[in-house]
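This report concerns only the one structure given below.
The values are calculated or read from the model by the stated rules, or taken from the named source; none is laboratory data. A quick note: this is a predicted structure, and the numbers were derived from the prediction, not measured. With ideal geometry, Cβ positions are generated from the backbone for all residues, glycine too; neighbour counts draw on all protein chains shown. Accessible surface areas use protein heavy atoms only, side chains included; no ligands, DNA or RNA. Shrake-Rupley method; radii C 1.70, N 1.55, O 1.52, S 1.80 Å.
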Amino acid sequence: MRRQLSCLVALALVFVLAACSGGNSEESSGGNASSAKPAESSAKSSEEKSPSAEEQVEIEYWHTYSDSEEKVLVEKIKPMFESAYPNIKLKLTRMPYEGLKDQVIAAVAGDAAPDLMRMDIIWVPELASKGALKKLNDLPGFDDVKASVFESPMQTNFYKGDYYGVPLNTNTKIAVYNADTLKEAGLDHAPATMEELVQAARALKGNNKQGIGISGIHAWGLLPYFWSLGGQVTNEDYTKVDGYLNSQASIQALETIISWNEEGLVIPALLGGEPGSWDGLKSGQYMMIDDGPWFFSILLGDAENKFNPIEKTVRALLPSGPGGSRSVVGGEDLVSFSNSKHPEEAWTFMKWMLGEEPQQIMVEAGMVPTNKNAANAIDTTKNPYIAPFIEQLNTALPRTPIPQWGEMETIFNLSFEKAIRGDRTATEALNDAAQQMTALLSE
């Protein structure tokens, strides 16, 4: 641990001297509910021992919630938790996202980190590898929490056989169709398979409309199609790239995407063309795009918007291919730091926050629960677009939860762009990408 913290100190000095900062690249009636439940939100576990009233403990929680999200956190979550656990006071600190990861690393190195943090899912393996996060596997109640949540969001906390966080809120993308353009393509239902999607897209070509909504040359945009078409990035435990990213199935998946684009079936937004994905769908030029629940919440909350996303769209799972119906997992995880001053109390809050009631309350702020029971209990009359997102979470996948993913994603994006633009063949692009990623994994 001393060596790991020494590395963190050195990293912190580098960040301070370079004045570097990070950014967020994300845009951010499901499966069977588990019978296992985490600690109830309304009462303390009989096995937990809290300090006496005279020994009240304050735990600090860093977060990046928006104004409306923070309002729910402050006005509902905080008082409810402190009522259930009067010996623990929750200090909420809202942090700016810009440069936050560097600030976290410096805080851990300087022994000034908070007890808890709501963290971008792609940061967790990297910070776990630096010794910054507390391992949770052996803590009381962990197995119950793990059993209560969706598997893919939970995997974003995995590093070298252990878990260093729990999934706080999640999201994924589904297929969103312009209902009128879908009818124009000859369908009265959403395509269930990739073959059906391609046929519908071909039916629209004569009208200068596009039917396959890949929104950009980046992992967030491409992976749902690449995975559904049978492609893979690594093996199941994320330790090997060669033979997976450049397997015959992966090459064929990329070649299929290339052929769609060359045929004019993919929306121009894939290569940065106009209109953008939302504008193209609303105008009817695009039959389909893929997007998250914010597509609906933002448009429904925009008083100037004239496009009713509930009445004018058809929502469905991503069409199934050789790899099934796959989408990509987004969201945030809840972590505790290795040098937390109050680790037991921090874990108490983490377990409580993943209980059904707190998870249902955060739905009011637009959060998609990771707790399966809470997700399946969402009132679809109030949230008429949410059901397919919950269902898609059962087959969505995380973006390779390993410390090297940030660098690997850059390689992935560039390799796919070269192939789609015709500068390299799919085989050449994926062989080169596999070689570069393998070198990263061996460092």
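The set of residues in segment 130-148 being closer than 18 Å to V104 by Cβ and open to solvent by less than 40 Å² (accessible area, probe 1.4 Å) consists of G131, A132, L133, L136.
Within segment 108-150, the set of residues being at pLDDT 95 or above, among the basic types (K, R) and assigned to a loop (DSSP other than H, G, I, E, B) comprises K134, K135. Scanning segment 341-383 for residues that are within 26 Å of E60 (Cα to Cα), assigned to a helix (DSSP H, G or I) and of a type in the set (G, A, S) returns A346, A365, A374.
Among the residues that make up segment 268-277, is at least one of them over 30 Å from D432 (Cβ atoms), assigned to a helix (DSSP H, G or I), open to solvent by 30 Å² or more (accessible area, probe 1.4 Å) and at pLDDT 95 or above?
Looking for residues that are over 30 Å from D432 (Cβ atoms), assigned to a helix (DSSP H, G or I), open to solvent by 30 Å² or more (accessible area, probe 1.4 Å) and at pLDDT 95 or above, one finds none in segment 268-277, hence no.
Only residues that are in contact with a helix residue (DSSP H, G or I) (Cβ under 6 Å, 6 or more places away or on another chain), surrounded by fewer than 21 Cβ atoms within 10 Å (Cβ to Cβ) and either in a loop (DSSP other than H, G, I, E, B) or of a type in the set (S, T, Y) (or both) were counted across segment 411-441, and they come to 2.
Filtered by the rule that a residue be crowded, with 19+ Cβ neighbours inside 10 Å and either assigned to a helix (DSSP H, G or I) or touching a Cys at 6+ places or on another chain (Cβ under 6 Å) (or both), segment 221-254 gives G221, L222, L223, P224, Y225, F226, W227, S228, S250, I251, A253, L254. Scanning segment 384-410 for residues that are in a loop (DSSP other than H, G, I, E, B), at pLDDT 90 or above, out of contact with any Leu (no Cβ under 9 Å at 6 or more places or on another chain) and surrounded by fewer than 21 Cβ atoms within 10 Å (Cβ to Cβ) returns a single hit, N394.
Of the set (1) of a type in the set (S, T, Y); (2) open to solvent by less than 30 Å² (accessible area, probe 1.4 Å); (3) assigned to a loop (DSSP other than H, G, I, E, B), all apply to S336 but (3).
Is one or more of the residues making up segment 299-316 closer than 22 Å to Y65 by Cα and either hydroxyl-bearing (S, T, Y) or in the same structural domain as E69 (by the TED database) (or both)? Taking every residue of segment 299-316 in turn, none turns out to be closer than 22 Å to Y65 by Cα and either hydroxyl-bearing (S, T, Y) or in the same structural domain as E69 (by the TED database) (or both).
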